[in-house]
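Asker: Just dropping this structure here.
Every number here is computed from the coordinates shown, using simple stated rules; none is lab data. These numbers were taken from a predicted model, which means no experiment stands behind them. Glycine also receives a Cβ, built like all others from the backbone with ideal geometry; neighbour counts cover every protein chain displayed.
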Amino acid sequence: MKERRIIALLGRRDEPTDAVEDYCRYLGDALRAHGFEMELARVPWAGLGWAAALRELRGKAVEWRGQWVLLQYTALAWSERGFPLRFLRVMNLLRAVGARVAVVYHDVEPYAGVRVIDVLRRRVQIQTMRRALAASEVAVFTIPVEKISWRPARRKGDVFIPVGANLPPVQVAAESAEEKRDPADGIPTAAVFGITGGDAGVEETQRIVEAVRFAVKQVGKMRLVVFGRNSESAETSLRKALGDVPVEIQVHGVVAGEKVAGLLSASDVLVFVRGAISSRRGSAIAGIACGVPVIAWSSAETASPITDAGVVLISREERSQLGEALARVLGDRGYRDALAERSRNAHREFFAWPAIAGRFAEFLH
C-alpha cells in the first residue's frame, strides 16, 4: 500500500532541545503502521523575517493541496514574546492553497501573569487559539476539552489526544520491563527531569531541597539524579543546600532520549516540579513511560488518563506534602511497585506512540 503524505508544520525551533519536533518525529514513525508518511516543515520566520518566511511557505504549500497539514501550536513558536497573531496568517495561507488543516494545541492554556503586558498577551493568545480553532478542519487538544479555561467551542471531529514521551520506543519497552530491579547498591533514588529557568526555577529547587531533607530523615541515605533543562544551573544551589545531609547528588544536564530512559528506569520515583501535571506534560509522561511512580502537583488540567497512571497527586499550596509523598514512595516497596504497575498499564493504553498514532489515524483517514 502506498503511504499517504501528511505534513507537520512547525514554527521557530526551540533550544537546546525542541520537544515539539521530537513529538512530530515519534508520531511520524508510529503513523507509518497506518499508511502515512509524515514530512516535517518549518516556517523560518525567526531567521528570514515574516515576509520572506511566508513567501517561502507559499512556494512549498502549493504542493499540499488536499493533504493534511498538522499545524503545531505553541505561543513562542510563532512569536518571540508570545503574541502569536501571525499564526493565523499561516493558517489562512494553508487554507488558500487547499490544504486540510489540523491544529495540534501543545499550549492549550494562555500564559499566566498579573502585569499589564501579561494580561494583554493572554488576551491575544486566547483570541488566536479561538480563531485558529474556527479556521481549522480538526483541532487536536492535548488535555480534555472540558478542562480548558477558555472553553473552546465543541465541534464534531475535534479530538483529545495526550502527548507521548519523547523517548525511543524500543528503549522504553526494555528499560521499563516489569523485571526492572532497584539500583544494585540499594540506595533509594529520586529523579528530577528538568527545572524551569528564572525565578520559577529557584522556587522549584527550594521545593526539591525541602522534600529531600524530609525524606532523608525517614528513609536514610538516598540519591538525587537531576537532568534535563536548567539542571546544571541548579546544581550549585542543590549541593549547597543539601551538603549536610546523606544524599548523593548526580547532575547530568541535557541528555539524549536513550540516556533519559536509562536514568528514569534506574530511579524509584520521578519528582515532577515544572508546574502541575497533565496529559500535555511530556517530561512527566516520560516517567510513566519508563514504569516509575511520579509525584506531582495537581491543577485544573489534571484529569484522566494522567490520573490512571501511578501518579501521587499533591497540593502545591501544602509545602510539606512533596516530602511526605517522597518519603512514602521511597520507603514502601509495595506501594512503589503498585504505582509502577499503574504507570506501565497507563502507558500502554494511552501514552505509547502506537496508541497515540491510532487516535490520529482515525481522523486522518
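Asker: Just want to confirm a number: the relative contact order over the chain, from Cα pairs under 8 angstrom separated by 6+ residues, in percent.
Answerer: Result for the chain is 15 percent.
Asker: Ratio to report: Rg/Rh of the chain, with Cα atoms as the point set and Rh obtained by the Kirkwood method; give two decimals.
Answerer: Reported Rg/Rh (Cα atoms, Kirkwood Rh): 0.98.
Asker: What's the exposure ranking of 304, 267, 298, going from fewest to most Cβ atoms within 10 Å?
Answerer: Going from sparsest to densest Cβ surroundings: 304, 298, 267.
Asker: Let me ask you something else. Expressed in nm to one decimal, what extension gain is obtained for the pair residue 255 and residue 213 from 0.36 nm per residue of sequence separation less their Cα-Cα distance?
Answerer: 12.5 nm
Asker: Can you give the extra length, in nm with one decimal, that the chain gains between residue 25 and residue 200 once fully stretched, where that is 0.36 nm per residue apart less the Cα-Cα distance?
Answerer: Full-extension gain reported as 60.0 nm.
Asker: Related question: Would you mind checking which residues have amide H under 5 Å from residue 6's amide H? H placed 1.01 Å from N; only 5 or more apart, or other chain.
Answerer: 37, 38, 39
Asker: If I model a spin label at residue 341 and residue 308 as a point 7 Å from the Cα along the Cα→Cβ vector, what separation in nanometres do I get?
Answerer: 1.7 nm
Asker: Subtracting the Cα-Cα distance from 0.36 nm times the residue separation, let me have the gained length for residue 332 to residue 18 in nm, one decimal.
Answerer: Length gained, residue 332 through residue 18: 109.4 nm.
Asker: What is the calculated FRET efficiency for residue 62 to residue 236, with r their C-beta to C-beta distance and R₀ = 51 Å, to the nearest 0.05?
Answerer: The pair residue 62/residue 236 has a calculated efficiency of 0.45.
Asker: Moving on to the next point. From the square roots a ≥ b ≥ c of the eigenvalues of the alpha-carbon gyration tensor of region 45-169, which class results: rounded (a/c under 1.5), prolate (a/b over b/c), or oblate?
Answerer: In terms of gyration-tensor shape, oblate.
Asker: Given an 8 Å cut-off on Cα distances and at least 6 residues of separation, report the relative contact order of region 169-351 as a percent.
Answerer: 25 percent
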